[in-house]
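First the structure, in the form of structure tokens, and then the observations on it.
Each value in this text was obtained by applying a stated rule to the coordinates, not by laboratory testing. All values derive from a computational prediction rather than experimental measurement. Virtual Cβ from ideal backbone geometry, glycine too; neighbours counted across all protein chains shown.
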Amino acid sequence: MLRSETRKTTRLSINEVYQSLQGEGLLVGTPAIFVRFQGCNLRCPWCDQKEALEFGKENYTIDTLLEEVRKHSPKHVVITGGEPMAHEGLYPLASALLEEGYTVQIETNGTLWVKGLETLDLHITCSPKWAGGWFVHPKVLEKASEIKFVVDHMLTLDVLLKQEFERHLREGKMVLQPESNKQEFLTKAIQIQQKLLEKGYIVRVIPQMHKVFGLR
């Protein structure tokens with residue numbers, strides 16, 4: 001199928017499109033357009049986007065979504081959810097955005113993979129979840145630009161030291177994000193950071209800055 005036809009016929013289930021600052025992870029502070037997919041395969045109790053958990057109707061084509069994206073100024077697009085990797089339309093969407101000159105970041109829980117993404121120049125933020133047994137798909141591990149852990153009651157040092165996360169630890173591409181910016185989890189994150197530092201690893205503690213700023 002021609003690319004032009006793919007853009008017209010590929011259907012996407014989108015919860016919302018809006019402009020803000022990237023408030024999480026290594027790209028914190030970057031002006032961005034957020035494209036939120038509707039539907040997730042996990043159910044984390046502290047999820048702050050519960051309205052995007054259930055799978056919904058396909059309400060956009062790639063062309064109509066691009067029209068919405070073009071209304072905003074930033075040239076960085078964050079594809080989030082829900083869970084973007086639960087949608088086959090993710091690959092043609094990411095390809096179309098790259099063709100239009102946008103940089104593309106995908107936020108994922110890491111349990112799923114969409115074929116074809118390995119061929120694209122993407123910033124993939126993987127946030128493993130205990131609701132998924134901390135499992136991360138091998139392709140996600142291979143392509144992830146950063147691993148971001150939500151620091152809550154369930155996260156332990158042993159999880160961060162799992163062999164599959166060693167490369168991101170060694171390369172300084174791991175982020176600890178206190179759950180809901182709560183003081184108890186900020187304290188826990190700093191304690192974990194110190195223990196990792198003693199083992200020779202540097203990780204970053206970054207709260208949800210958009211919430212600090214009162215942004216979406």
Relative contact order of the chain, pairs being alpha-carbon contacts under 8 Å that are 6 or more residues apart, as %: 18 percent
Estimated 222 nm signal from helices in the chain, with DSSP H stretches of n ≥ 4 weighted -39500 (n - 2.57), rounded to 500: -7000 deg cm²/dmol
Cβ-Cβ cut-off under 12 Å around Ala189, Lys and Arg +1, Asp and Glu -1: the net charge is +2
With labels modelled as points extended 7 Å from the Cα through the Cβ direction, what inter-label distance (nm, one decimal) is found for Leu161 paired with Gln191? 1.6 nm
Step through the table entries Lys57/Lys143; Lys75/Lys129; Lys8/Lys115, compare each Cα-Cα distance with 23 Å, and write down the pairs that go over it. Lys57/Lys143; Lys75/Lys129
Can you tell which of Thr119, Thr64, Thr111 shows the greatest fluctuation in a Gaussian network model of the chain with Cα springs below 10 Å? Thr119
Counting only DSSP beta bridges with both partners in the chain, the antiparallel fraction in percent, to the nearest 5, comes to 30 percent
Given the alpha-carbon gyration tensor of region 75-216, what are the semi-axes of its equivalent ellipsoid in whole angstrom, ordered largest first, with each equal to the square root of 5 times an eigenvalue? 27, 17, 14
Relative contact order in percent for region 1-114 (Cα pairs under 8 Å, 6+ apart) equals 29 percent
With springs only between Cα atoms under 10 Å apart, run a GNM on the chain and tell me which of Leu97, Leu65, Leu197 wobbles the most. Leu197
Of Arg167, Arg36, Arg204, the most mobile residue in a GNM of the chain (C-alpha springs, cutoff 10 Å) is Arg167
